[in-house]
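Reading through the structure tokens given below for one structure.
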Amino acid sequence: MITKPIVGLPPSLGLQMLKQQSLCASGSPITLSVLCIHCCICVAIPEWLPRKAIGLRTPQVVQPTYLPIHFHHTPRASSQHPISVTSRPSTIATSNNHLIQSLCKKGNLKLALQVLAHEPNPTQHTYELLIISCADQSSLSDAQTVHNKLIGDGFEQDSFLATKLINMYCELDCMDHARQVFDKIYNRTIYVWNALFRALTLKGHGEEVLNLYRRMNQTGIASDRFTYTYVLKACVASKSFVSLLQEGKEIHAHILRHGYESYVHIMTTLVDVYARFGCVEYASYVFNNMPVKNVVSWSAMIACYAKNGRPFEALEVFREMMLETHDLLPNSVTMVSVLQACAALAALEQGKLIHGYILRKGLDSILPVISTLVTMYARCGDLELGRRIFCQMYKRDVVSWNSMISSYGIHGFGAKAIKVFKEMVYHGVSPSPISFVSLLGACSHAGLVEEEYGIYPSVEHYACMVDLLGRANRLDEAAKIIEGMRIEPGPKVWGSLLGSCRIHCNVELADRASRRLFELEPVNAGNYVLLADIYAEAKMWDDVKRVKKLLEARGLQKVPGCSWIEVKRKIYSLTSVDELNPQIEQIHALLLKLSMEMKEKGYVPETKVVLYDLDTEEKERILLGHSEKLAVAFGLINSNKRDAIRITKNLRLCEDCHTFTKFISKFAGREILVRDVNRFHHFKNGVCSCEDYW
């Protein structure tokens with residue numbers, strides 16, 4: 001005898017017949033199967049029931065093994081006229097499912113689970129909302145309760161719910177459980193694959209995603225537009241140091257072969273992938289060939305240029321966007337990249353124009369935008385204006401505080417950086433790893449705070465500490481820090497040590513650091529040049545020639561020095577070999593005149609920075625061609641005498657240019673701000689804010 005009635009479906013003739021058959025226990029399995037299907041097809045389905053499948057439970061007495069658990073069908077009205085039967089069990093079931101769904105939508109998961117325990121026939125939609133609720137409330141225990149009940153009710157092979165379960169376990173940071181759901185499902189639709197791809201990508205398992213993607217292709221399942229987006233993101237989501245650029249190119253080819261190049265979100269993701277690998281030309285090619293571009297596409301291309309050291313092009317693409325797309329308005333992401341480009345060029349006037357646009361469009365309430373504004377003004381030399389914007393922020397997150405800390409740091413105000421850090425902690429904002437990188441970069445007294453906040457030191461933290469100790473001529477301590485590192489020292493750490501050796505001409509440690517750097521970064525010409533600088537200062541000319549031959553043998557070239565200067569809202573670039581500037585002869589003549597006059601006032605050219613065994617006069621001629629000197633002269637010729645001259649350089653400021661600019665600031669009575677790759681130099685009345693320590 002059956003111990004409980006079938007519930008969960010409205011009464012109908014088919015259901016009444018099914019009850020009679022089961023109660024008599026005389027119906028054959030085939031008859032029962034037909035009646036079950038009849039009930040499923042003929043009953044009118046309420047709107048809140050799931051569209052994909054209905055969970056159907058058979059009577060406990062008869063359980064045919066070949067009867068499918070789910071039926072996929074198109075709901076239609078029953079042609080049968082219902083007869084008067086007792087409908088209370090079905091009404092309870094319907095109400096229970098509706099009640100559970102309503103409780104989930106209202107966020108009352110605990111009560112929904114209590115009702116679920118008394119519901120014999122939960123629907124697919126009921127389970128969907130329960131799964132979403134578990135994720136929303138970050139409750140792993142409740143998630144496992146729902147999952148177990150779901151399996152018990154025969155939904156384990158429901159591919160729709162499998163996608164929801166994978167998403168839920170991803171939100172709960174339980175990727176092992178998500179993978180188990182995937183492994184146990186037999187009917188792996190493209191939606192199930194996509195759910196796992198998305199989850200693994202979000203957790204940084206890029207290589208695993210690509211391996212699974214190969215398996216999926218071997219099974220013959222065709223990718224859809226979401227698949228391509230997830231697997232492309234997986235190429236840059238890997239936690240390992242292995243480059244997945246080649247895989248990204250293969251996926252690009254796959255996209256073209258299957259005709260998905262017209263999908264704007266796929267091609268935008270591709271632009272971003274190439275940008276993250278530093279393949280700016282590839283990204284530009286994809287962007288220029290996109291048939292349709294949206295604001296995200298334009299923003300991705302602007303960010304690509306801004307983050308890959310090409311701020312000129314970033315501003316140019318932004319200008320094109322404003323001129324060519326009248327129906328597209330830049331969003332906060334766009335403005336962050338544009339501000340970063342202005343900061344990279346120290347283009348203060350351009351930055352002010354962008355600031356005005358942000359105010360007009362109401363983007364000044366968005367934290368990332370305001371935080372980037374603070375950084376932009378600081379990196380353009382107007383630290384006070386950046387500080388005022390920071391003080392006016394009614395809400396600050398850790399990024400905002402980090403912006404202010406790093407702003408003081410690049411201007412050399414270590415004590416003020418520490419003060420801001422302490423204020424951040426006082427206001428209850430927990431420091432991030434970037435906070436300590438910014439603080440360690442600001443002064444040498446910040447190492448004490450790492451253990452207090454339980455931050456596990458990263459490569460960036462070690463690199464900062466090595467740099468700080470090295471600059472203070474405590475190179476032995478810096479070397480001991482590297483030896484005691486619990487993680488593998490990367491190029492940043494060894495690069496910091498080599499840079500410090502250059503300041504203090506420590507040949508022994510420089511040899512050691514350069515050997516490791518040549519292994520880690522065999523195509524980075526800067527490391528070879530830095531070692532040659534050290535040998536040159538030690539007058540080891542044979543070693544200088546050896547390094548130069550090694551540089552040539554590997555087909556590497558020194559990055560040419562380039563300086564930018566903004567005059568009357570226009571940005572100009574000058575290089576040491578620049579002969580195209582229409583004022584180049586006037587610039588050289590002015591520099592020669594200033595040099596001769598300043599020598600009478602005590603200026604002595606630092607010829608040791610020239611890495612050639614030449615006579616003194618020829619070395620002095622080479623020094624006058626350095627890009628920052630050209631930029632200073634250009635500013636003296638073209639700017640208003642009461643305006644500060646603002647220059648940005650792509651390399652470290654050499655000793656001679658530093659001394660030369662100090663003399664110019666006093667001799668010409670001009671305020672000059674130069675930002676190199678390390679920090680700001682504020683020259684005024686013959687004195688630099690760095691106090692000759694950089």
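The values are calculated or read from the model by the stated rules, or taken from the named source; none is laboratory data. Only a predicted model underlies this, so the values are computations on that prediction, with no experimental measurement involved. Quick reminder, even Gly has a Cβ in these numbers, built from the backbone with ideal geometry, and neighbours come from all protein chains shown.
The table below gives the values:
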| read-out | value |
| --- | --- |
| Flag if Glu620 is out of contact with any Phe, Trp or Tyr (no Cβ under 6 Å at 6 or more places or on another chain), closer than 21 Å to Leu530 by Cβ and not β-branched (Val, Ile, Thr) | no |
| Complete set of residues in segment 594-619 that are exposed (fewer than 11 other Cβ atoms within 10 Å of the Cβ) and part of a loop (DSSP other than H, G, I, E, B) | Lys601, Gly602, Val604, Asp615 |
| Sole residue being free of Cβ contacts under 8 Å to residues at least 60 places away in the same chain and at positive phi, chosen from Gly362, Gly309 | Gly362 |
| Matching residues in segment 609-653 - criterion: being more than 24 Å from Phe312 (Cα to Cα) and under 36 Å from the mean Cα position of the chain (by Cα) | none |
| Selection status of Leu591, crowded, with 16+ Cβ neighbours inside 10 Å and modelled with pLDDT of 90 or more | yes |
| Within segment 478-528, considering residues that are out of contact with any Leu (no Cβ under 8 Å at 6 or more places or on another chain) and β-branched (Val, Ile, Thr), the one farthest from Val559 (Cα to Cα) | Ile487 |
| Verdict on Asn640 being at pLDDT 85 or above, on the phi < 0 side of the Ramachandran plot and surrounded by fewer than 15 Cβ atoms within 10 Å (Cβ to Cβ) | yes |
| Top-ranked residue in segment 530-547 [being crowded, with 16+ Cβ neighbours inside 10 Å and in contact (Cβ under 8 Å) with a residue 60 or more places away in the chain; ranked as nearest to Arg652 (Cα to Cα)] | Asp533 |
| Top-ranked residue in segment 224-253 [being small (Gly, Ala, Ser) and within 19 Å of Leu202 (Cβ to Cβ); ranked as modelled with the lowest pLDDT] | Ser240 |
| Residue within segment 209-221 that is more than 30 Å from Thr123 (Cα to Cα), buried (at least 21 other Cβ atoms within 10 Å of the Cβ) and among the polar types (S, T, N, Q) present | no |
| Close pairs (7 angstrom Cβ cut-off, 6 or more residues apart or separate chains): without any contact (Cβ under 8 Å) to a residue 60 or more places away in the chain in segment 465-484, among the acidic types (Asp, Glu) anywhere | Leu469/Glu477 |
| Candidate set from segment 654-673 (those that are within 38 Å of the chain's Cα centre (by Cα), surrounded by fewer than 22 Cβ atoms within 10 Å (Cβ to Cβ) and part of a helix (DSSP H, G or I)); member that is modelled with the highest pLDDT | His658 |
| Tally, over segment 159-185, of residues that are part of a loop (DSSP other than H, G, I, E, B) and either surrounded by fewer than 18 Cβ atoms within 10 Å (Cβ to Cβ) or within 25 Å of the chain's Cα centre (by Cα) (or both) | 3 |
| Per-region count, segment 496-518, residues assigned to a helix (DSSP H, G or I) and either among the polar types (S, T, N, Q) or touching a strand residue (DSSP E or B) at 6+ places or on another chain (Cβ under 6 Å) (or both) | 3 |
| Filter result for Asp643 (within 30 Å of Leu383 (Cα to Cα) and either free of Cβ contacts under 8 Å to residues at least 40 places away in the same chain or among the acidic types (Asp, Glu) (or both)) | yes |
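Here's the yes/no breakdown for (1) at pLDDT 90 or above; (2) surrounded by 15 or more Cβ atoms within 10 Å (Cβ to Cβ); (3) under 42 Å from the mean Cα position of the chain (by Cα); (4) polar (S, T, N, Q):
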site	(1), (2), (3), (4)
Ile54	no, yes, yes, no
Gln63	no, no, no, yes
Ala112	yes, yes, yes, no
Asn121	no, yes, no, yes
Ile132	yes, yes, yes, no
Ala135	yes, yes, yes, no
His147	yes, yes, yes, no
Leu150	yes, yes, yes, no
Gln157	yes, yes, yes, yes
